[in-house]
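S.K.: To start, I am sharing the structure in question, which I have written as structure tokens.
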Amino acid sequence: MKSGGKNPSKELYNALRRLPWEQLWGEEVARFNRATAQERISRVAVIRAVGVVFSESGPEEQRPEVQQWLVGLLQDPAEKIRRYAMTALPKIGVEKSGEAELLALLNTTTAERETKFLGRTLDKIGGVATLKALERGLLPQTEQKVKASLARAQSPSTVRMDGVLADFAGLRIHLRGRKGLEQIVKQEVEANPTTRRKFRVVEIGSGLVVLQPIASFCLGDIYALRCFGTVGFVLGTVHATQSVESIACVIASPLSHRIFKIFTEGVIRYRLNFVAKGHQRGAVRAIANRAYTLCPEILNDARNAPWSVEIHPTGRGNSVELSPRLSPDPRFSYRQADVPAASHPPLAACMARLAGKREGEIVWDPFCGSGLELVERALLGGVRSVLGTDLSPEAIGISKRNFAAANLSVATAQFNCCDFRDAVDDLGLNSVTLIVTNPPMGRRVPIADLRGLIADLFDVAAKTLKPGGRLVFANPLPVGGCPAALKLESRQVVDFGGFNSRLEFYRKLPR
Ligand SMILES: C[S@@+](CC[C@H](N)C(=O)[O-])C[C@H]1O[C@@H](n2cnc3c(N)ncnc32)[C@H](O)[C@@H]1O
């Protein structure tokens, strides 16, 4: 194989990386092994290609042989060859002996660059031996990463819902959600007997409701609320220009440590995320290393961490917030499956709350999809029967499953695969007390006549609702054109995930 072009090493790598594994190992590696020291340097790309091609298509039984070859190269007299070998090793994996070789090299090398590359490899594959060898604080980043991966392997830490935070003075809690729903979130906090006793709403911003605790609380108290999207404990606000040191100090602060400790089962691990700013890898690394030096009990770990430290830009600087990463969200664990255009679950909860609770409710969702609005309304209580209709048989199957998984005490629950217009005859006139729905918006799947569809929705609502009955729906059209029998009582513009729609509340007038 010949190399050429502007960057021969890169071109050689690109050619080698496309070879079938057998040819790469059988011919190119053999040729590399026979080559002179000088030729080996010019063909060092073989090592990189071995790492990549083996990880994609190498046969499992050959793994020990490939590992051995790479570990052997760690003793090559050429620093470049050793460096390529240590970079390829994590792709193949290493046994204890490989880890020992890397650590021995770390002890003997005097090259700064080699120490850096050894650190990167040990970040990925280091274990107990690495941790022991690193006790002298040679590579703090590696120390943190290895501690985190050992902790992850031994016992996955989780967020504790029942740990009680009694020392809460001055703490602010940010409930974040879709813009336009703030008042519904506030109303839920103030209506719930527990949250009303434990928190006060002190501020409302765009997509944000700020709480202050007024009594001891646990995370379970907050997760009894269904209308917010995410929750964050404000650890501090730092000026945008003082980022690394100030953010690290906030993460390692006594307040942060206390919250982490009370609400975590197991080793404290968090990922760091700059909201609306992309990956920021350099900043993340610098902050995480500094925070670890300040408080070695709190580990930065991007993989399956139970917490996320989120940096939110605000008019006052960067708000540093600690958020539990609960996936799936335990509040919506009834969701067994999804449809492509499913509602954002907290939005469905907001729609149910906006609709309000009436005893003996008869609810219809004409476009039920996965059934979230029906479940959320039934969870508020007082529902006698629900009907979901949808054109899609898959959606009907899914809403049946989700509704059953929610384990609700509703006398009748029916899900029919049909056009919503065809349900009117079955339902009968003046039969329904609430229609709550999120109709197709024509965004993902184009709708031939969206205006006609919304007009028909108004029409069937006017027919099927009992006098005093309510229609709550997300209207994709700016102006209504609703029948005289329906009176608009409220309208709010809500972010539907990148586009705005109007959440509208109509009441059918008495005859
Ligand atoms: C925005 S999705 C509803 C999502 C639902 N709220 C959920 O949480 O999964 C709209 C649904 O309307 C259904 N649909 C569209 N046209 C319909 C029609 N004419 N009659 C009944 N259902 C229809 C689609 O199949 C889709 O499942």
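No value in this document is a laboratory result; all are computed from the given coordinates. Because the structure is a prediction, the values reported are computed rather than measured. Positions of Cβ are generated from backbone atoms using ideal geometry, with glycine treated the same way; all protein chains shown enter the neighbour counts.
S.K.: Lys and Arg at +1, Asp and Glu at -1: add these up for the other residues within a Cβ distance under 12 Å of residue 329 and post the number. Don't skip to the answer; put the middle values down first.
M.R.: Values: positive: 226, 325, 331, 335; negative: none.
Here the count lands on +4.
S.K.: Continuing with the same structure: Per residue and in cubic angstrom, what volume does the convex hull of the Cα atoms of segment 8-154 have?
M.R.: 113 Å³
S.K.: Something else about it: List 320, 445, 94 from most exposed to least, where exposure is judged by having the fewest other Cβ atoms within 10 Å. Don't skip to the answer; put the middle values down first.
M.R.: Details: 320 27, 445 9, 94 22.
Ascending Cβ contact count within 10 Å gives the list 445, 94, 320.
S.K.: Continuing with the same structure: Step through the residues of segment 296-303 one at a time and calculate ³J(HN,Hα) from phi using the Karplus curve (6.51 cos²θ - 1.76 cosθ + 1.60, θ = phi - 60°), rounding each to whole Hz and writing x for Gly and Pro.
M.R.: So the Karplus estimates, Gly and Pro as x, are x, 7, 9, 10, 7, 7, 6, 8 Hz.
S.K.: I want to check the label-to-label distance for residue 449 and residue 22. Put each point 7 Å from Cα in the C-beta direction and report it in nm to one decimal.
M.R.: With each label point 7 Å from Cα toward Cβ, the separation is 6.3 nm.
S.K.: Classify segment 445-511 from the C-alpha gyration tensor, please: rounded if a/c falls under 1.5, else prolate or oblate depending on whether a/b exceeds b/c.
M.R.: Values: a/c = 2.56, a/b = 1.49, b/c = 1.72.
Oblate.
S.K.: Report relative contact order for segment 173-324 in percent, whole number only (criteria: Cα-Cα under 8 Å, sequence separation at least 6). Show your work: numbers first, answer last.
M.R.: Details: 254 pairs, mean separation 36.5, N = 152.
Rounded, it is 24 percent for segment 173-324.
S.K.: Would you mind putting 419-425, 250-256 in packing order, based on average other-beta-carbon counts within 10 Å, highest first? Show your work: numbers first, answer last.
M.R.: Values: 419-425: 14.6, 250-256: 19.9.
Ranking the peptides 419-425, 250-256 by packing returns 250-256, 419-425.
S.K.: Still on this model: For Cα pairs less than 8 Å apart in space and 6+ apart in sequence, what is the mean separation divided by the residue count of the chain, i.e. the relative contact order in percent?
M.R.: Numbers: 898 pairs, mean separation 45.6, N = 511.
Relative contact order comes out at 9 percent.
S.K.: Per-residue counts of other Cβ atoms within 10 Å, averaged by peptide: what ranking do you get for 216-227, 339-350, highest first? Write out the running numbers ahead of the final one.
M.R.: Working: 216-227: 19.1, 339-350: 21.8.
Per-residue mean Cβ counts within 10 Å order the peptides as 339-350, 216-227.
S.K.: Among DSSP beta bridges lying fully in the chain, give the percent that are antiparallel, nearest 5. Can you show the working numbers first?
M.R.: Details: 45 of 71 bridges.
If I count the DSSP bridges inside the chain, around 65 percent turn out antiparallel.
S.K.: Now, a different point. Show me 62-72, 325-335, 431-441, 258-268 ranked by packing, highest mean number of other Cβ atoms within 10 Å first.
M.R.: Values: 62-72: 16.5, 325-335: 14.4, 431-441: 22.3, 258-268: 18.6.
Taking the mean over residues of other Cβ atoms within 10 Å, the ranking is 431-441, 258-268, 62-72, 325-335.
S.K.: Just how far, in whole angstrom, is segment 373-407 from segment 97-174 if you go by their alpha carbon centroids?
M.R.: Here the answer is 46 Å between Cα centres.
S.K.: Still on this structure: Place a label point 7 angstrom from the Cα of residue 391 along the Cα-to-Cβ direction, then list the residues of segment 401-432 whose backbone nitrogen is under 15 Å away.
M.R.: In segment 401-432, the label zone of residue 391 (backbone N under 15 Å from the point 7 Å along Cα→Cβ) covers 417-423.
S.K.: Place a point 7 Å from Cα of residue 191 in the direction of its Cβ. Which residues in segment 346-377 have their backbone N less than 11 Å from it?
M.R.: Answer for segment 346-377: 350-358, 377.
S.K.: Output the pairs from 198/400; 116/145; 80/116; 147/261; 186/466; 96/124 with a Cα-Cα distance over 25 Å in this structure; if there are none, say none.
M.R.: 198/400; 186/466
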